[in-house]
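Beneath this line is the structure, given in C-alpha cells, with notes to follow.
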Amino acid sequence: MSTPVDSQDEPRRVRPGALRCEPLVGVTLLVIMAFGMRVIALDTLPASLSFDEGVDGLDALLLVQSGWLTPFLPNNFGRETLFMYIQGLLLQAIGPSAFSLRFASAVVGTLTIPLMYVVGRQMALNVSDLPVRLTRVLGGLLAAGGLTVCYWHIFFSRQALRAILLLPLLLSVVWLLGRADRMLDRGDRGGWSRLTLAGVLLGVSQYVYLAARLLPLLFLVWTLVWLSGDVRRRASRAVGGVLFWGGALITALPLVVYFVNNPHAFGTRTAAIAVSTTGSPTETVAANLWHLIVLHFGFGSWLVRWPSLDPVIGLGLAVGLVVGIQRWRSRSTLLVLAWLSLGWLPVLLSRQDWDATTTVLRGIVAWPSVGLVAAWGWSVLIGLAHRMCDLKRFTRELSIAAAATRTHDNGQVAGRAGAPGT
C-alpha cells in the first residue's frame, strides 16, 4: 500500500533547515489536549449514565467477577464483549463509579490520536510544492488534530460504550498494512509478520462492535487492489495475503463458532433497524443521505447544541474530496475513499432518529477517513497559501531589484551629465 507521497515524490528532499526535528512535540501536545478534553469532569459530563452505559457496566462487572468467557452477549439487542472485559477490570481495580466506567473510553480515545497521526502521515497526498517530509508531517498532524477536536470523537470518548475501541484497532491495521507493503517492496520478508499481525488485529476488531463486520469488505478491496499491482512481487504478496486473512480468520474463529451455534444472535440488531422495516426504504435511504451531507458540512447541529461537524474540518473535507476523486487511481487514495463510503453504510441502510445521541456512532468506521480526507484538503489550502506567500515575496524582491536598477541607471545618467565635456 505505497502512499502517494512515497510513490510519486521520493526523490524530493527537504530543504536545508526545514523541519529537522521530529514532530514529537506537536503530537505530544495533541495527546495532552485530547486527554484533557476527554477526562476532565468525566463523571459529570455527560451528566448521567445512559441506559446503554448502565447495562454495559453491570455486564462488565458480571463477566469479570464470575470469570465467564464469552465473545458475545445476546441481551440488549446483542453486544460484543471485549471492551466490557476492559471496563470490568477497571471497575474491579478502582471501584465502581461513573468515572471508572467511562475512564477506559477516555484512555482508548486518547491513544487513538497518535495512531491517527502515523496513518495520516502514511496516507498524506503531495498536493503542493512543499517538501516531502513536511507534507507527511503536515498530513499526520492535520489528521490527528482534526480527530482531537472532533465533536463526535470527544463525546463518545466520554461515554462508556464499546464502539470507541474499534478506531485504534482499525488504524493499527491500516498502518501495519502500509508498513508491510513498503517492506515487501524492498524485498524484506519481515513484511509478512506485519501482515500477520494486521490480520490478527482485524480479527480482534470483530469482538468490539457491530460496525466492525464491514472491515473484512474494506480490506478485501485493499487485497484485490494490492494483488493487482507489481507483477514481479505478486507471489510474495499472495503469501502475505494468505497470512493476513489467515490471522484474521483464526482470531475471529471463537466468535464465528458462537454465531454458528446461536444463529439468531447474529442478525438481531440488524433486523431491528434495517431500512427494509420501513414503509419506504428508498425514501429512507435518500433522507439518510441528505442528513449525512448536512452532518459532514456543518449546515445543521448535532445533539441540538453543537455544529454537526466542525466547519473547519468540513471545508477541508470538501476540498479533499475533490482532490481524492482526481487521484483515485492511487492505491492509498482508493482505499481511503472506499473506507469513507463503506464506513457510512450502516447509517445509510438503517432507520435513524437523527436527534438521537448514537446515530453517528453507527458510522464510526468512517470517522478516521473523514479526518484523512480533510487533511488532504487542508494540505492543498496550506500549499496554496505557501505559494501565494512565495509569489508575494518574489514580487517584492522583483520590485526591489527594479528600484535598484532604476537607481543605478539614474546614477549613471547623472554621472554622465556632470562629466567634463558633456
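The values are calculated or read from the model by the stated rules, or taken from the named source; none is laboratory data. Everything numeric here is computed off the predicted structure, so don't read it as measured data. Glycine gets a Cβ as well: all are built from the backbone with ideal geometry, and neighbour counts include every protein chain shown.
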> Are any of the residues in segment 15-32 surrounded by fewer than 19 Cβ atoms within 10 Å (Cβ to Cβ), within 20 Å of THR358 (Cβ to Cβ) and touching a residue at least 60 places away in the same chain (Cβ under 8 Å)?
Replying inline: no
> Given the structure, is GLY320 over 17 Å from ASP353 (Cα atoms) and touching a Gly at 6+ places or on another chain (Cβ under 6 Å)?
Replying inline: yes
> modelled with pLDDT under 95, within 18 Å of the chain's Cα centre (by Cα) and farther than 27 Å from ILE86 by Cα: does that describe TRP222?
Replying inline: yes
> Within segment 194-228, how many residues turn out to be outside any helix (DSSP H, G or I) and in contact with a helix residue (DSSP H, G or I) (Cβ under 7 Å, 6 or more places away or on another chain)?
Replying inline: 4
>> Being among the hydrophobic types (A, V, I, L, M, F, W, C) and at pLDDT below 95 is the filter here; which residues of segment 23-41 pass it?
In response: LEU24, VAL25
>> From the list MET123, MET116, exactly one residue is over 22 Å from GLN206 (Cα atoms) and within 19 Å of the chain's Cα centre (by Cα). Which is it?
In response: MET123
